[in-house]
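> There's a structure below that I have some questions on.
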Amino acid sequence: MLERIFSMRTTIELSDRTYALLRARAAERGMRGFSAIVEEALERELSEGGENDLLTSLEAAEGAWSASEAQEWERAREEAWSTWQPPADRSSTPTS
């Protein structure tokens, strides 16, 4: 398993169904959020191939983008973040 060195916030898109299922599972566990559930699932998924396979994949991907592709991606990312607004509070959204 990869050692957890730091935490990083990220945004992922989930279907309404997946969001509702995650909220329900978190509630069953007495949790307010579902980050821990998502992290557990990702760790399982990534460890199925083994840590060495993941590291090999990461090493193989290094340099896969040209400098101009990386700059374009970074520009698009910065543009997206500059206009991002937090979603409305979904904690009151029904899960069924």
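> Of all residues being modelled with pLDDT under 80 and part of a helix (DSSP H, G or I) in region 71-96, which is surrounded by the fewest Cβ atoms within 10 Å (Cβ to Cβ)? Just the residue, please.
Narrowing region 71-96 to residues modelled with pLDDT under 80: 84-96.
Of the ones still in play, those that are also part of a helix (DSSP H, G or I) are 90-92.
Details: R90: 11, S91: 8, S92: 6.
Across region 71-96, the extreme among qualifying residues is S92.
> Hey, A60 hits all of (1) at pLDDT below 75; (2) assigned to a loop (DSSP other than H, G, I, E, B) but one; which does it fall short on?
Going through (1) at pLDDT below 75; (2) assigned to a loop (DSSP other than H, G, I, E, B) one by one, A60 breaks only (2).
> Name every residue in region 1-55 that is over 29 Å from W81 (Cβ atoms) and modelled with pLDDT under 85, in order of residue number.
M1, R44, S47, E48, G49, G50, E51, N52, D53
The values are calculated or read from the model by the stated rules, or taken from the named source; none is laboratory data. Since the structure is predicted, the reported quantities are computational estimates derived from the model, not experimental observations. When we count neighbours, we look across all protein chains shown, and the Cβ atoms used for this are built from the backbone with ideal geometry, even at glycine.
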